[in-house]
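Reviewing the structure listed below.
The values are calculated or read from the model by the stated rules, or taken from the named source; none is laboratory data. Note that the structure is predicted; figures quoted are calculated from it, not measured. Quick note on the areas: whole protein, heavy atoms, side chains included, nothing else; ligands and nucleic acids left out. Shrake-Rupley method; radii C 1.70, N 1.55, O 1.52, S 1.80 Å.
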Amino acid sequence: MTAGPQALGVAIVLAGGRSSRMGSSKAALDWDGPPLLRRIVTSLGEVAGRVVVVRSPGHELPPLPPAVVVVQDARPGRRPPEGP
(Lines give C-alpha, C1' and ligand atoms only; values in the text may rest on other atoms or scores of the structure.)
Protein backbone atom coordinates (compact mmCIF):
# COMPACT_ATOMS: atom_id res chain seq x y z
CA MET A 1 0.00 0.00 0.00
CA THR A 2 1.76 3.10 -1.22
CA ALA A 3 0.22 6.54 -1.11
CA GLY A 4 0.35 8.41 -4.38
CA PRO A 5 2.33 11.63 -4.84
CA GLN A 6 -0.74 13.79 -4.12
CA ALA A 7 -1.69 11.86 -0.94
CA LEU A 8 -3.06 14.09 1.77
CA GLY A 9 -4.68 13.65 5.13
CA VAL A 10 -5.80 10.65 7.08
CA ALA A 11 -8.54 8.18 6.14
CA ILE A 12 -10.40 6.70 9.11
CA VAL A 13 -12.38 3.49 8.68
CA LEU A 14 -14.88 2.53 11.38
CA ALA A 15 -14.84 -1.26 11.63
CA GLY A 16 -16.27 -1.89 15.08
CA GLY A 17 -19.77 -3.03 14.23
CA ARG A 18 -21.17 -6.31 15.52
CA SER A 19 -22.67 -7.26 12.14
CA SER A 20 -25.68 -8.57 14.06
CA ARG A 21 -28.07 -8.37 11.09
CA MET A 22 -25.58 -9.97 8.73
CA GLY A 23 -24.56 -12.76 11.10
CA SER A 24 -20.88 -12.66 10.18
CA SER A 25 -18.14 -10.06 10.11
CA LYS A 26 -18.49 -7.51 7.30
CA ALA A 27 -14.78 -6.75 7.60
CA ALA A 28 -13.91 -10.32 6.64
CA LEU A 29 -16.54 -10.62 3.90
CA ASP A 30 -14.95 -11.81 0.66
CA TRP A 31 -15.29 -9.10 -1.97
CA ASP A 32 -14.22 -10.54 -5.29
CA GLY A 33 -11.10 -12.03 -3.69
CA PRO A 34 -9.73 -10.06 -0.74
CA PRO A 35 -11.80 -9.33 2.37
CA LEU A 36 -13.92 -6.17 2.14
CA LEU A 37 -11.92 -4.28 4.77
CA ARG A 38 -8.61 -5.04 3.09
CA ARG A 39 -9.99 -3.83 -0.27
CA ILE A 40 -11.20 -0.59 1.35
CA VAL A 41 -7.94 0.23 3.17
CA THR A 42 -5.87 -0.62 0.10
CA SER A 43 -7.95 1.76 -2.05
CA LEU A 44 -7.80 4.51 0.59
CA GLY A 45 -4.04 4.05 0.93
CA GLU A 46 -3.69 5.12 -2.70
CA VAL A 47 -5.12 8.56 -1.96
CA ALA A 48 -4.56 9.20 1.77
CA GLY A 49 -1.30 9.82 3.55
CA ARG A 50 -2.32 7.46 6.36
CA VAL A 51 -5.11 4.92 6.96
CA VAL A 52 -6.46 4.26 10.46
CA VAL A 53 -8.94 1.49 11.27
CA VAL A 54 -10.99 1.80 14.46
CA ARG A 55 -12.26 -1.48 15.90
CA SER A 56 -14.12 -2.56 19.01
CA PRO A 57 -12.04 -4.34 21.66
CA GLY A 58 -11.77 -8.01 20.76
CA HIS A 59 -13.17 -7.48 17.24
CA GLU A 60 -11.14 -9.69 14.89
CA LEU A 61 -10.02 -8.15 11.63
CA PRO A 62 -8.63 -9.83 8.52
CA PRO A 63 -4.91 -9.31 7.82
CA LEU A 64 -4.28 -5.74 6.71
CA PRO A 65 -1.33 -4.05 4.99
CA PRO A 66 1.46 -3.21 7.49
CA ALA A 67 1.09 0.55 6.95
CA VAL A 68 -2.49 0.52 8.28
CA VAL A 69 -2.80 1.69 11.89
CA VAL A 70 -5.39 -0.23 13.94
CA VAL A 71 -6.73 1.38 17.12
CA GLN A 72 -9.31 0.31 19.72
CA ASP A 73 -12.57 2.22 20.10
CA ALA A 74 -12.30 4.08 23.41
CA ARG A 75 -16.10 4.01 23.83
CA PRO A 76 -17.33 0.68 22.40
CA GLY A 77 -21.03 0.05 22.07
CA ARG A 78 -21.87 3.60 21.07
CA ARG A 79 -22.73 4.59 17.56
CA PRO A 80 -20.40 6.80 15.50
CA PRO A 81 -21.15 10.53 15.49
CA GLU A 82 -23.91 11.53 13.11
CA GLY A 83 -23.59 14.24 10.56
CA PRO A 84 -26.04 17.11 10.09
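Candidates are the residues of region 51-84 that are at pLDDT below 70 and farther than 15 Å from residue 16 by Cα; the one that is most open to solvent (accessible area, probe 1.4 Å) is 84.
Filtering region 9-50 to residues that are at pLDDT 75 or above, more than 25 Å from residue 75 (Cα to Cα) and hydrophobic (A, V, I, L, M, F, W, C) leaves 47, 48.
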